[in-house]
Every structure is written in C-alpha cells, then in structure tokens.
Amino acid sequence: MNAKICEVFKSIQGEGLYRGMDQLFVRFFGCNLECSFCDTKLQNFREVSLTELVEQILSFTGYDYVSLTGGEPLLQESFIKELARILKEKNKKVYLETNGVLYEQLDNVIENIDIIAMDFKLPSSTGLKDFWFYHREFLKIAQRKKVFVKAVVGLSTRIEDVRIALAVIQEVNPNIPLVLQPENPHEGVLNEKLRYFDKVCRESKVKVEIISQLHKELGIK
C-alpha cells in the first residue's frame with residue numbers, strides 16, 4: 001500500500017485551538033477543492049509505502065501528535081486508516097486536518113483519530129459552491145471524537161454564510177467550538193468584520209475564538 005506524500009516535517013501547529021503545539025506533519029498530495037484563498041499549492045510528491053512512512057515518522061522525536069494534513073488526506077482513505085491504526089499502536093496521537101467534505105471516508109477511518117480540525121468552506125470565502133450538506137454529515141461523524149471547526153474569514157466573507165455555519169453547528173452539537181481565522185495577509189483590515197462576526201457567534205451561544213495563523217506570523221513552515 002502506497003500513498004502520495006509531499007513532505008514529512010516537525011514544526012508547531014499554526015492554526016486553530018491547538019496553535020503552538022509541537023507536531024509531526026505528514027502532508028498528503030491532492031485535494032478535491034480549489035479554494036481561492038488556498039496557500040498550499042502542491043505540485044510534487046513521492047510514492048511512499050506504509051512501512052517506509054511509519055519508519056520516517058518514528059525517526060523524529062519530541063512530539064506526541066502526528067498531524068495528517070494536505071491537500072486533503074481523506075482522498076487516500078485506505079492508507080490513512082492503516083497509518084492511524086499503526087500510529088496508535090506506537091502510542092502516537094493522530095490529528096486530522098480536513099476540509100470537512102468527505103464524510104463517508106471519515107466514517108471509515110475515525111476509529112483511530114484523536115482530534116479533527118475541520119474546515120467550514122464558506123462559499124463567500126472560497127469562491128466555490130456551498131458544502132453545507134457535506135459539512136453537516138461530516139460533523140455528525142466527527143463529533144464522536146474531539147473536533148473543532150475552522151472558517152477562513154476574508155475580505156469577501158459574508159455574515160450570511162457565518163450564520164448558516166452556526167446553524168449547522170447548533171443542529172449537530174452546539175458545544176463544538178468555532179474558530180474564525182483571518183485570511184493572511186489581510187488581518188489588519190479585517191478587524192471590524194471579525195468583531196462583528198464574533199458578536200453574532202456569541203449571541204448564538206456557539207463557542208467562538210478568533211485565531212490567526214501563527215506559523216505565518218513567525219515565518220516558519
């Protein structure tokens with residue numbers, strides 16, 4: 001069993017509720033979406049066997065969580081399922097970063113996932129169609145583990161999309177936290193919009209935090 005892997009590296013988690021945590025990152029090649037704000041343009045990869053990748057992961061030290069990121073890791077569902085199982089046997093925790101669309105694939109791998117960092121792809125932010133149905137179904141499954149939802153807020157993001165995202169969270173589990181992430185490099189001009197979005201979220205009783213991208217602030221991978 002092989003997977004298309006772009007890179008394996010150790011760094012700090014730069015986004016969301018676990019910002020600043022030491023993690024070992026495995027970046028999978030390929031994505032099923034093309035968001036306008038995407039800052040991870042993947043062009044090169046190498047085919048790696050399961051055994052080879054596990055050996056490479058275990059050659060690093062000083063981390064507990066292995067972040068499966070991309071691209072979209074769940075496009076390589078069968079590989080992810082076996083990799084997560086082996087990592088759990090090695091006493092590593094598995095942190096899945098995902099665009100929150102491939103819910104059937106998540107259901108197949110979730111047993112050995114510890115934390116799910118799920119994106120809500122707001123159509124006014126991404127320039128794509130809406131994925132509300134897929135996000136709802138994905139979140140229903142993801143809530144079986146620790147999960148938070150992250151939504152990028154840019155110059156074009158509309159409050160109507162945020163309200164729908166809040167409704168989805170309230171329907172599935174109102175205790176699931178929502179992270180509003182200002183699009184880099186527009187943080188400075190987004191302050192007023194973010195304050196308004198934060199107010200709307202708090203009025204809905206959904207737990208919300210505004211968290212920027214730490215790795216970009218520090219200029220690291």
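Under 1.5 on a/c is rounded, so check that first for the stretch 64-170, then, if it is not, pick prolate when a/b is larger than b/c and oblate when it is not; a ≥ b ≥ c are the square roots of the alpha carbon gyration tensor eigenvalues. List each step's numbers first, then the result.
On the way: a/c = 2.22, a/b = 2.11, b/c = 1.05.
Prolate shape, in that a/c is at least 1.5 and a/b is the bigger ratio.
Give the span of the stretch 1-123's Cα atoms along each principal axis, as three whole-Å numbers ordered largest to smallest.
Over the stretch 1-123, Cα extents along the principal axes are 39, 32, 29 Å.
Which of these, Gly71, Gly62, Gly16, has the largest mean-square fluctuation under a Gaussian network model of the chain (Cα springs below 10 Å)?
Looking only at Gly71, Gly62, Gly16, the largest GNM fluctuation is found for Gly62.
Taking 21 Å as the cut-off for C-alpha to C-alpha distance, list the pairs among Lys90/Lys145; Lys10/Lys92; Lys129/Lys205; Lys150/Lys199 that go past it.
As for pairs spanning more than 21 Å Cα to Cα, those are Lys129/Lys205.
From the Cα gyration tensor of the stretch 1-46, with a ≥ b ≥ c the square roots of its eigenvalues, which class applies: rounded if a/c is under 1.5, or else prolate if a/b is larger than b/c, or else oblate?
oblate
Ranking Lys199, Lys92 by Cβ neighbours within 10 Å, fewest first, what do you get? Could the numbers behind the result be given before it?
On the way: Lys199 11, Lys92 19.
So the ranking, lowest neighbour count to highest, is Lys199, Lys92.
According to the square roots a ≥ b ≥ c of the eigenvalues of the Cα gyration tensor, what is the shape class of the stretch 2-218, taking rounded for a/c under 1.5, prolate for a/b larger than b/c otherwise, and oblate for the remainder?
Numbers: a/c = 1.78, a/b = 1.57, b/c = 1.13.
Judged from the Cα gyration tensor, the stretch 2-218 comes out prolate (a/c at least 1.5, a/b above b/c).
Among the listed pairs Lys93/Lys207; Lys4/Lys121; Lys146/Lys207; Lys88/Lys146, which are separated by more than 20 Å between their Cα atoms?
Listed pairs above 20 Å: Lys93/Lys207; Lys4/Lys121.
Using square roots of five times the C-alpha gyration tensor eigenvalues, list the equivalent-ellipsoid semi-axes of the stretch 29-81 in whole Å, biggest first.
Three semi-axes, in Å: 23, 14, 11.
Straight-line reach from Lys140: which aspartates and glutamates fall under 13 Å, measuring Cα to Cα and dropping same-chain residues less than 8 apart?
Output for Lys140: Glu104, Asp107, Glu171.
Where a number appears in this text, it was derived from the coordinates with a stated rule and is not lab data. Note that this is a predicted model, so its numbers are computed, not measured. Cβ atoms come from the backbone with ideal geometry, glycine included; neighbour counts cover every protein chain shown.
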